[in-house]
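A short worksheet on the structure shown next.
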Amino acid sequence: MTVIPDPERANPLEFTMRWPVRGYELDSRGHVNNAVYLSWAEEIATAHAEAAGYGREWSERRGGGWVVRRTEITYHQPAVYGDEVELTVKVELVKGARGVRRTSIRRAPDGELLAEVLTEWVWVRLSDGRPTQVPRELVDLAAAATAATIARRRPGPRAGQPAQIRD
C-alpha cells in the first residue's frame, strides 16, 4: 500500500517545534529539571500526532492509543531560563505493537545539542489497555524508517559466520 501524505498536514515522520524554557521547569541549580525533558518529548509527540492527522480522535476511532513503555535520555548540556529550545521528533520504527521516536533538543539560536530522548511507545486497545497491533496505515507510513532502523541495528557478519537477524 502506498500512503500519500496530505499536503495540509505535517510530515508524519518528522516534526519540529520551538518554545522558551519556563521558570517552573527549573531545578534548584537553575537548569531545566531532568524530568522536564521527558515531558517535552511527550509534548512534542502529541503535537506531532495531532498536526499530522494521527492524534487522539484518529486513534480513538481505531480503538487504541499510544502509551510510553520505555525512555532513554542522554543529557549533553543544560538548558536554562531564557533559552529557546528547538525539539525535533523523528519516527524511527513502527512494527507489531511498538513505535519508536527519537527527539533531539537543541538550543535554538546556536543549535547546541542539549539532550536526546529515545522513547518506545506501545499501541494499546482502549477497551482493556492491552498491547495490540498498530493500525496498518501507520505501519505502512513508517515502513522505510522502520527498515532503515532495523538495518542499523543488525550487526554485520563476522568472518565465516552468517549475519544475525534481530530487531
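The values are calculated or read from the model by the stated rules, or taken from the named source; none is laboratory data. Since this is a predicted model, take the numbers as computed values, not measurements. Here Cβ is always computed from backbone atoms with ideal geometry, including for glycine, and neighbour counts include all displayed protein chains. What goes into the accessible areas is simple: the full protein's heavy atoms, side chains included, and nothing from ligands, DNA or RNA. Shrake-Rupley method; radii C 1.70, N 1.55, O 1.52, S 1.80 Å.
Computed values, structure above
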quantity: Span from the segment 8-25 Cα centroid across to the segment 63-92 one, whole angstrom; calculated: 10
quantity: Average Cα contact separation per residue, segment 29-131, under 8 Å, 6 or more apart, as relative contact order %; calculated: 30
quantity: Peptides 61-72, 32-43 ordered by average Cβ neighbours within 10 Å, highest first; calculated: 32-43, 61-72
quantity: Phi-based couplings in Hz for segment 98-107 (Karplus 6.51, -1.76, 1.60; Gly and Pro marked x); calculated: 9, x, 10, 10, 10, 10, 9, 10, 10, 6
quantity: Two-site FRET efficiency, Ser127 against Arg22, from Cβ-Cβ distance with R₀ of 41 Å, rounded to 0.05; calculated: 0.65
quantity: FRET efficiency, 1/(1 + (r/R0)^6) with R0 25 Å, evaluated for Glu86 and Trp58 via beta carbons; calculated: 0.45
quantity: Solvent-accessible area per residue, Å², over the chain with all protein chains present [probe radius 1.4 Å]; calculated: 60
quantity: Fully extended contour minus Cα-Cα distance, from Ile73 to Arg9, at 0.36 nm per residue; calculated: 20.2 nm
quantity: Per-residue SASA entry for Glu50, accessible area with 1.4 Å probe, Å² rounded to 10; calculated: 100
quantity: With Cα atoms, 0 to 90° folded angle of helix 34-52 axis to the chain main axis; calculated: 60
quantity: Linear extension gain, Arg154 paired with Ala51, 0.36 nm per residue minus alpha-carbon span; calculated: 33.8 nm
quantity: Degrees, to the nearest 10: 143-153 long Cα axis against longest axis of the chain; calculated: 80
